[in-house]
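I have placed the structure first, in the form of structure tokens, so that the comments after it can refer back to it.
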Amino acid sequence: MPDTVVSASNLSLTFETNDGPVHALKDVDLDVDRGDFVSFIGPSGCGKTTFLRVIADLEKPTGGEISVNGMTPQEARMKRAYGYVFQAASLLPWRTIEKNIAVPLEIMGLSRADQRKRIDDVLSLVDLANFGKKYPWQLSGGMQQRASIARALAFDADLLLMDEPFGALDEIVRDHLNEQLLKLWDATNKTICFVTHSIPEAVYLSTKIVVMSPRPGRVHDVIDSTLPRERPLDIRETPEFLEIAARVREGLRAGHSYDE
Amino acid sequence: MAPGQISFMTNHGKAIPVLTIITILIAIWYACVVWMNAPFERDKAERISKPAPTLSQLIPATMAQERPVLPAPHQVVIEIWKTTGAMVQKGRPFSKRSLIYHSWVTLSATLLGFLIGTALGIMLAVGIVHNRAMDKSVMPWVITSQTIPILAIAPMIIVVLNAVGISGLLPKALISTYLSFFPVVVGMVKGLRSPDAAQLDLMHTYSASRAQTFWKLRWPASMPYLFTSLKIAIAISLVGAIVGELPTGAVAGLGARMLAGSYYGQTIQIWSALITASALAAVLVMIVGFAHTLVLKRMGEEPA
């Protein structure tokens, strides 16, 4: 097992549009190590979501190299090397929560008994043990997003890709889910790539913060967090936390041109 | 309503407005009966040199003609009873004079045509959604097919099929198919494409095959669209079956009944076949609507 889960060098992706080429990613060099919690932060159009989608083989790069677990993204996808969580929970409304979690397991062809065990495991991981028989509409937005995280965890990939998973939730729910996500990361030893707009969220969660800048999308700064692994919510008031947050903010400001 | 119970009639509080409208329509109908049938009564009096009938003589007379221009509602109701309920009482519900018999003839063609049309519509939609060439080429033809008047094409279908030895139920059913596949194609293309990008992306990240994506995502997502289309399809299937009976001199079926009525000026018979046909359509649409509610309920739909 390589210790670098995601390795990108000179990675570029250019979309051809009617208004000419759009450089969503340009010359991105980045390594994500096993067990890292990496946040990608930057303004819209900086390519943070695109980068995640390239890892997931949802977009094909137009230049450079990228490997996921030492394989191409497509091979990694075929081997189900990662779970993906979108901003919307995207649960199927006609399936109960446990049946939603079963979708990837059914596609993998797991036996009923194996499915059952994994569903129970992940439901208790996200604190939804008693909600398996409910339909999505019977759950709050935060609970739905937890169910979608459970679904991404269900097939036990080492890598979790999360694209602004808490972006649509209110602050209090978000704090709670951040705390839960850290516990989950700690308990499962997964590698997490997490896209966000929020500086406090990025600093609170990450071991590594990637600050990106737009047009063309590139990596502006990579910050290794000095915060301990154990992080209560009030760590956000410590000088150490604020110092990292200030560096992120500075990076965002420097990388962002306001004249557009 | 207790949870788990299916609401068959959700139109609480609609009874009074509906009854009011029906009452008004019947009143207008009776007024038209007097107005349209009166000239015949006046002519009759004139021919035998009797004084013109007074209004109190005229009104009952216009409602009791044997071949009125416009039959009165109660005449139609009596005719329907004589050809349905009364036949059942006599133990001959499937006699050639019975509307039950004629309805069954039309209904069987309707249902067969509806089934073929639904299957055809679904297959075309699946092809259109999954195949780029079909996506580009089939839809214009599907739309074109519906711009041809069915009255023009129905006799040709019947005659051509007769020439190759196919007669009876199938040609009529095919006319129903011709009409009913259309809403199914249109609805199902939309339904099968209704999953959003994130849901399709998720299937991609699971490395799901096209068949798995279809059965786990596209097909269930299309159910509400399918049933909405089926409600239209069943109603026009009935229209198709009736139209299929008109140009061919069919001897049985609601369409044949209307045609025979018009040959012999039997307006009451035409109207009773007409009312029976629309009642049949209403029942068919209700059955599909009931199946709709049932399926969506089983799919865990949020109660409205």
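The values are calculated or read from the model by the stated rules, or taken from the named source; none is laboratory data. Here the structure is a predicted model, which means the values were calculated and not measured. Neighbour counts are summed over all protein chains in view; Cβ atoms, including those assigned to glycine, are modelled from backbone coordinates with ideal geometry.
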Could you say whether any residue in the stretch A:130-148 is surrounded by 22 or more Cβ atoms within 10 Å (Cβ to Cβ), touching a strand residue (DSSP E or B) at 6+ places or on another chain (Cβ under 6 Å) and among the hydroxyl-bearing types (Ser, Thr, Tyr)? yes
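Given A:Phe51, A:Phe40, which one is touching a Ser or Thr at 6+ places or on another chain (Cβ under 9 Å), surrounded by 22 or more Cβ atoms within 10 Å (Cβ to Cβ) and under 27 Å from A:Val248 (Cβ atoms)?
A:Phe40
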Pairs needed: first member in the stretch B:289-302, within 14 Å of another protein chain (Cβ to nearest Cβ); second member anywhere, in a loop (DSSP other than H, G, I, E, B) and loosely packed, with under 15 Cβ neighbours inside 10 Å; C-beta distance under 7 Å; at least 6 residues apart or different chains. B:Leu294/B:Ile6; B:Lys297/B:Ile6
Output the number of the condition that B:Ala211 fails; it satisfies all remaining conditions of (1) in a helix (DSSP H, G or I); (2) at the interface with chain A (Cβ under 10 Å from one of its Cβ atoms). (2)
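Determine, yes or no, whether B:Leu230 is at pLDDT 95 or above, farther than 16 Å from B:Trp104 by Cα, in the same structural domain as B:Ser108 (by TED's automatic domain parsing) and under 12 Å from the mean Cα position of the chain (by Cα). It would help to see each step written out before you state the result.
On the way: at pLDDT 95 or above: yes; farther than 16 Å from B:Trp104 by Cα: yes; in the same structural domain as B:Ser108 (by TED's automatic domain parsing): yes; under 12 Å from the mean Cα position of the chain (by Cα): yes.
Yes, satisfied.
Has the stretch B:220-242 got any residue that is farther than 24 Å from B:Val283 by Cβ, touching a helix residue (DSSP H, G or I) at 6+ places or on another chain (Cβ under 9 Å) and either without any contact (Cβ under 8 Å) to a residue 12 or more places away in the chain or charged (D, E, K, R) (or both)?
Of all residues in the stretch B:220-242, those farther than 24 Å from B:Val283 by Cβ come to B:220-222.
Filter once more, so that each one left must be touching a helix residue (DSSP H, G or I) at 6+ places or on another chain (Cβ under 9 Å): B:221-222.
Going one step further and asking which of them are either without any contact (Cβ under 8 Å) to a residue 12 or more places away in the chain or charged (D, E, K, R) (or both), we end up with none.
Checked the stretch B:220-242: no residue is farther than 24 Å from B:Val283 by Cβ, touching a helix residue (DSSP H, G or I) at 6+ places or on another chain (Cβ under 9 Å) and either without any contact (Cβ under 8 Å) to a residue 12 or more places away in the chain or charged (D, E, K, R) (or both).
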Being within 16 Å of B:Val105 (Cβ to Cβ) and surrounded by fewer than 20 Cβ atoms within 10 Å (Cβ to Cβ) is the filter; apply it to the stretch B:251-273 and report the residue that is modelled with the lowest pLDDT. B:Val251
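Only one residue in B:Ala72, B:Ala52 is among the small types (Gly, Ala, Ser) and modelled with pLDDT of 85 or more. Which one?
Details: B:Ala52 fails: modelled with pLDDT of 85 or more.
None of the others qualify; the one that does is B:Ala72.
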Qualifying residue in the stretch B:181-201 (condition: modelled with pLDDT of 95 or more, in contact with a helix residue (DSSP H, G or I) (Cβ under 7 Å, 6 or more places away or on another chain), within 14 Å of chain A (Cβ to nearest Cβ) and surrounded by 22 or more Cβ atoms within 10 Å (Cβ to Cβ)): yes
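If a residue has to be closer than 14 Å to B:Ile236 by Cα and either surrounded by 14 or more Cβ atoms within 10 Å (Cβ to Cβ) or among the small types (Gly, Ala, Ser) (or both) to count, how many in the stretch B:274-285 make the cut?
Start the filter on the stretch B:274-285 by keeping residues that are closer than 14 Å to B:Ile236 by Cα, which leaves B:277-285.
Now restrict to residues that are either surrounded by 14 or more Cβ atoms within 10 Å (Cβ to Cβ) or among the small types (Gly, Ala, Ser) (or both): B:277-282, B:284-285.
Looking only at that region, the number is 8.
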Scope the stretch B:273-288; condition in contact (Cβ under 8 Å) with a residue 60 or more places away in the chain and in contact with a Lys or Arg (Cβ under 8 Å, 6 or more places away or on another chain); matching residues: B:Ala273, B:Val288
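Test of understanding: among B:Thr267, B:Thr205, which residue is more than 14 Å from every other protein chain (Cβ to nearest Cβ) and either of a type outside the set (D, E, K, R) or farther than 30 Å from A:Val85 by Cα (or both)?
Details: B:Thr205 fails: more than 14 Å from every other protein chain (Cβ to nearest Cβ).
The conditions single out B:Thr267.
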Residue check, B:Met87 touching a His at 6+ places or on another chain (Cβ under 8 Å), modelled with pLDDT under 90, more than 30 Å from B:Arg193 (Cβ to Cβ) and not assigned by TED's automatic domain parsing to the domain that holds B:Val185: no
Checked against (1) in contact (Cβ under 8 Å) with a residue 24 or more places away in the chain; (2) charged (D, E, K, R); (3) more than 22 Å from A:Ala187 (Cβ to Cβ), A:Glu106 satisfies every condition except (1)
What is the residue count in the stretch B:227-272 for residues that are in contact with a Lys or Arg (Cβ under 6 Å, 6 or more places away or on another chain) and at positive phi? 1
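Every residue in the stretch B:21-55 that is among the acidic types (Asp, Glu) and surrounded by 13 or more Cβ atoms within 10 Å (Cβ to Cβ), please.
Of all residues in the stretch B:21-55, those among the acidic types (Asp, Glu) come to B:41, B:43, B:46.
Listed by number, the list holds a single entry, B:Glu41.
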Failed condition for B:Pro3, given (1) surrounded by 15 or more Cβ atoms within 10 Å (Cβ to Cβ); (2) at pLDDT below 85; (3) assigned to a loop (DSSP other than H, G, I, E, B), with all others met? (1)
